[in-house]
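Here the structure comes first, spelled out in structure tokens, and everything after it is commentary.
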Amino acid sequence: MRVSCDLLDEIVAHSRDDLPNECCGLVGGTDGELTSVHRARNAAATWLRYELHPTDQLRIMNRLEDDGQDLAGIYHSHTKSEAYPSQTDINLAEAWPEQLYLICSLADDANPVVRAFEIRDGAVEEVDLDVV
Ligand SMILES: [Zn+2]
């Protein structure tokens, strides 16, 4: 999956802006490339988990459609743990198995990490990000 360095930086910036809570949002894309980041509110407003705000989700999906982009992924942050899906994340993904899940870890504040995963039937598989 191709992705620009700037796009990953936007996810890191959102993760930092929403501290101490987890942040979340959607990523648009076309043909194997992630092309846009859209911030959503975390309706759960906690550092323990994320819940895409339904109004934001609808607004962003309409916007992507208007722009001719597909919904390519969902991102959220981990404020204290590594960039790997938690059991909560795995359970949440059951509702939306075709998405790419991006997780930004701020566990090491000076070195944020963004990784991407497919989560299907409870199985987690990392997807390589080709940063351009
Ligand atoms: Zn998580």
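The values are calculated or read from the model by the stated rules, or taken from the named source; none is laboratory data. Remember, predicted model here, so these are calculated numbers, not experimental data. No Cβ is skipped: glycine too gets one built from the backbone with ideal geometry, and neighbour counts run over all protein chains shown. When the accessible area is computed, the model is the full protein with side chains, heavy atoms only, and any ligands, DNA or RNA have been set aside. Shrake-Rupley method; radii C 1.70, N 1.55, O 1.52, S 1.80 Å.
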- Query: Quick check: anything in region 7-15 part of a strand (DSSP E or B), modelled with pLDDT of 95 or more and buried (at least 17 other Cβ atoms within 10 Å of the Cβ)?
  - Reply: no
- Message: I'm trying to understand the selection: among the residues of region 74-105, which are part of a loop (DSSP other than H, G, I, E, B) and either within 12 Å of the ligand (Cβ to nearest atom) or open to solvent by 60 Å² or more (accessible area, probe 1.4 Å) (or both)?
- Response: Thr79, Lys80, Ser81, Glu82, Ala83, Tyr84, Pro85, Ser86, Glu94, Ala95, Glu98
- Message: Any residue at all in region 36-45 that's without any contact (Cβ under 8 Å) to a residue 24 or more places away in the chain, of a type in the set (S, T, N, Q) and open to solvent by 10 Å² or more (accessible area, probe 1.4 Å)?
- Response: no
- Message: Going through Leu64, Leu26 one at a time, which residue ends up being in contact with a helix residue (DSSP H, G or I) (Cβ under 9 Å, 6 or more places away or on another chain) and open to solvent by less than 10 Å² (accessible area, probe 1.4 Å)?
- Response: Leu26
- Message: Of all residues being over 10 Å from the mean Cα position of the chain (by Cα), under 23 Å from Asn62 (Cα atoms) and of a type outside the set (D, E, K, R) in region 9-39, which is nearest to the ligand (Cβ to nearest atom)? Just the residue, please.
- Response: His14
- Note on the structure: For region 102-132 the number of residues that are in contact (Cβ under 8 Å) with a residue 12 or more places away in the chain, out of contact with any Lys or Arg (no Cβ under 9 Å at 6 or more places or on another chain) and of a type outside the set (Asp, Glu) is 9
- Query: So which of Asp56, Asp67 is farther than 23 Å from Ala95 by Cα and either out of contact with any Ser or Thr (no Cβ under 6 Å at 6 or more places or on another chain) or more than 16 Å from the ligand (Cβ to nearest atom) (or both)?
  - Reply: Asp67
